[in-house]
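Q: So that we are looking at the same thing, I have put the structure below in structure tokens.
Just so it is clear, none of the values below were taken in a lab; they were calculated from the coordinates. Here the structure is a predicted model, which means the values were calculated and not measured. Cβ sites come from the backbone with ideal geometry, for glycine too, and all protein chains shown count toward neighbours.
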Amino acid sequence: MSFRAKSMFTPVRLTVVAIVVFIICMIIYPAAVFQASKTGVNAWWNIVFPALLPFFISSELLMNYGVIQFMGVLLEPVMRPLFNLPGASSFVLAVGYTSGFPISASLTARLRKDRLCTRLEAERLMCFTNNASPLFMLVAVGVGMFNNPRLGIIIAMGHYAGNLLLGFLLRFYKSDDPEFKPAKLRRGSLFREAVAEMLKAYRANPRPFAQILGDAITSSVNKLLVIGGFVIIFSVIIKICTLTGLMAVVTSVLAIAAGPLGFTKPAVQSLGCGFFEITLGTKAAAEAAASLTQKVTAASVILGWSGISVLAQVSAMISETDLKMGLFILSRLFHAITAGIFSLLLLRSEVVQAWLSRPALTGQLYSQAASSWSANLLYYSRLCVYAILIWALLALVIYVWHSFSIIRLRLK
């Protein structure tokens, strides 16, 4: 009897029941569902699509021409000591910290498919390179929600600091990687080896530029459509959870953990929204009837967690690989806590308080960046170029340093 009762609640059956309930709720609340869908479409088209398109296309082109392998050889001396990762992962790091969810998961999956990293390395890389968009933190949150661009900077600093700390700590996670093969000691020309790796990667699948560009655009748009689907469906799910009272249940559970920390009920309610989706959560945090410190801390926690919607997007990006989500989910919890702590410490600094107390302009640059679809696309296209240039400059510095080190060894 007990065995039969247990067999009734299998994951597949629970999923089917959830889908049926979801459909029934859509029938009961058609107007609310339609409005939520429109909100999701607008968010995807005006924010997500122009923000990620330049990074997706440029990353596809760079990987097809072997540039990732080229830079990977040059940046191995940096990534291995700091994060215990291969040099090729430096591109994921650069893009992840200048774009937004979930492009770094997509790039990590590509590295894994191309055997440029081990499974454990890919899982660790994915954990600390998924960040909120800088434009979202500085403009949407700082200016649009808190009406103070300086608060957006504080939130961004806490967000990036938490993820970098996570990346450094994860270098010690399962150091006995069975797939790991130590890189051979390079005493010759680092540049020649880098070029050789680039040519090897390109010759493995040589194609005309027009075909490579077409495939890059097709792949990028397909991924963006998948992301758009998640954004829209979770916009509807959140609305249904609010109407049916499920959101109140989640908020009550979070209140058990957040209440003793001094968070007011409105701040805890924002955490409940942020549990599902970061945009609604951060907006609720900014509008909560709480102190500024609580509101900014709650927004930082929500951005660190990133929401069930982003977790689902990441899961979709790695679905064709052997990567698992367990470590990533735990890392989101860690990032939520550390981002909140860093933001709280910054807000309590006397220097930061004096800085925040000065009159702040809402920022013409910020408002222009978020004013239209084309402005968003232009902003992120520039950011993509800057990220690649900084990435290349770092590789050049490492190469020059390596060359001088070899010369000094030979002189001795």
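Q: Whose amide H sits under 5 Å from the amide H of Gly87, counting only residues 5 or more places off or on another chain, with H placed in the peptide plane?
A: Under 5 Å from the amide H of Gly87: Glu76.
Q: Which one of Gly307, Trp45, Phe334 is farthest out on the positive end of the charge dipole of the chain, using unit charges on Cβ (Lys, Arg +1; Asp, Glu -1) and the Cα centre as origin?
A: Projecting each Cα onto the dipole axis, the largest value belongs to Phe334.
Q: Sum up the charges of everything whose Cβ sits under 10 Å from the Cβ of Gly40, counting Lys and Arg as +1 and Asp and Glu as -1, but leave Gly40 out.
A: Within the 10 Å Cβ shell, the charges total +1.
Q: Assign unit charges at the C-beta atoms only (+1 for Lys and Arg, -1 for Asp and Glu), then state the dipole size of the chain relative to its Cα centre in Debye, rounded to the nearest 20. It would help to have the intermediate numbers written out before the result.
A: On the way: 35 positive and 16 negative charges, 155 e Å.
Charge dipole, the chain, about its Cα centre: 740 debye, nearest 20.
Q: Sequence gap at least 6, Cα distance under 8 Å: using those rules, report the relative contact order of the chain to the nearest whole percent.
A: 26
Q: Between Cys241, Ala210, Ile24, whose Cα lies farthest towards the positive end of the dipole of the chain when Lys and Arg beta carbons carry +1 and Asp and Glu beta carbons carry -1, centred on the Cα centre?
A: Ala210
Q: Given the pairs Lys239/Lys295; Lys265/Lys324; Lys223/Lys265, which span a C-alpha to C-alpha distance of over 32 angstrom in this model?
A: Distance filter (> 32 Å) returns Lys265/Lys324; Lys223/Lys265.
Q: Give the residues of segment 160-179 whose amide nitrogen is closer than 15 Å to a point set 7 Å from the Cα of Trp355 in the direction of its Cβ.
A: 160-161
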